[in-house]
1. Considering only the other residues whose Cβ falls under 13 Å of the Cβ of Lys75, what net charge follows from Lys and Arg at +1 and Asp and Glu at -1?
2. Average projected area of the Cα convex hull of the range 184-341, in nm²?
3. Taking the structure as given and computing Cα extents along the principal axes in Å, which label from (1) 71, 45, 44; (2) 70, 47, 34; (3) 92, 50, 34 fits?
4. Using 7 Å Cα-to-Cβ label points, what is the Ile284/Ala25 separation (nm, one decimal)?
5. So, in Å, what gap is there between the alpha-carbon centers of the range 45-122 and the range 200-252?
6. Give the carbon-plus-sulfur fraction of the accessible surface of the chain in %, rounded to a whole number; probe 1.4 Å, heavy atoms of protein chains only.
7. Rounded to the nearest 5, what % of DSSP beta bridges with both residues in the chain are antiparallel?
Amino acid sequence: MMLLACAGPESGAGSWNDWVRKDNAYAQRFQVWVRGEDRLVLVFGHGGERDTAGSYWISDAPLGMPPPGAPTRLKRVLSRVAMGSTTHVPYVNALGRVGAIAACAHSGQVRDTAFRRLADSGSVREIAAGDGLDRELLLSLDVQLLFAYPFGRGEGNTVQGLGIPTVEVSEYLEEHPLGRAEWLRFFGVLFGEERKADSLFAGIRERYEAIRVDSTTTRRPAVLFGSVWDGQWWVPPGNSYMARLIEDAGGRYLFADRKGDGNIAIDMETMITEGALADYWGMIAQVTDSATEEDFTQGDARLKAFRSVQKQQLFLGNTTDEDLFGQALLEPDVVLESLRS
């Protein structure tokens, strides 16, 4: 349901007159509007502000004037919730509210020790079931809402008909590392921790911006970032989270001119001719032992001839050891410092 145009709420609707938008520093996929103690939170999809994936009116008032469009109404302070994605857990944990998580899909992938203690003790239940969610278990847990993601879900991943509100979270669409970190403010609104969230994000932003290489810097090494999956080469687009990190770390990303909503397929000929010129080559992978040259080249003589391989200027984000899809979302400054090093 469409609530906002790019300029904000429909100015012709009288009930919008009392709402004020809180500006985001980097995040593009959510907005927070304020009216007294009430909050209106909007979540956007791939189409930006003209693609509303969810709208949530947060109010404790027994009566009140709802915003136009009748968005989902939520209680001000959440105390019992379910997580449809492990990437949502770090935000709640950073706010000191990990104890409010009653259920989580694929909870075994969460690295955080506080969460692990709760999960191992049975306080957090596993709700992933095959390629969907365990709807019966979720219903029995009496949660206030389910945090979910708005795209790519089959029928088994929905809670339609269960009477459980779903709050969509599209932090993964943010192209800037600080945009993803700023979703801390989104969760701060829903958990009644706005001041804490604002303060934590301000610190993250200050640390990141202090490390970031000035955008006017011209002497930049060429960086390739990508790997083979099922026989096909894939690289992040130039408007991606990873491309921004490489630029802010002082690199020149080889495929910065290619834009897209997801990873881009690259043919082997292009990879050989362009990738061979990169000064550095990086990728994300799951490696059980110490990373080696073979993890990059797979024994291919053409790849072994790459400048980056010959100079041993290779870097790997090993998901076996590093929580790259968890805590790293709230520590973009740490990731950036690692890339610069």
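1. That sum, taken over residues with Cβ under 13 Å, equals +1.
2. Working: hull surface 42.8 nm².
Result: a mean projected hull area of 10.7 nm².
3. After the calculation, the listed value that fits is (2).
4. It works out to 2.2 nm between the two label points.
5. For the range 45-122 versus the range 200-252, the Cα centre distance is 29 Å.
6. 48 percent
7. Working: 26 of 50 bridges.
Here the antiparallel bridges make up roughly 50 percent for the chain.
The values are calculated or read from the model by the stated rules, or taken from the named source; none is laboratory data. Because the structure is a prediction, the values reported are computed rather than measured. Cβ sites come from the backbone with ideal geometry, for glycine too, and all protein chains shown count toward neighbours. Areas reflect the complete protein model, heavy atoms only, side chains present, ligands, DNA and RNA absent. Shrake-Rupley method; radii C 1.70, N 1.55, O 1.52, S 1.80 Å.
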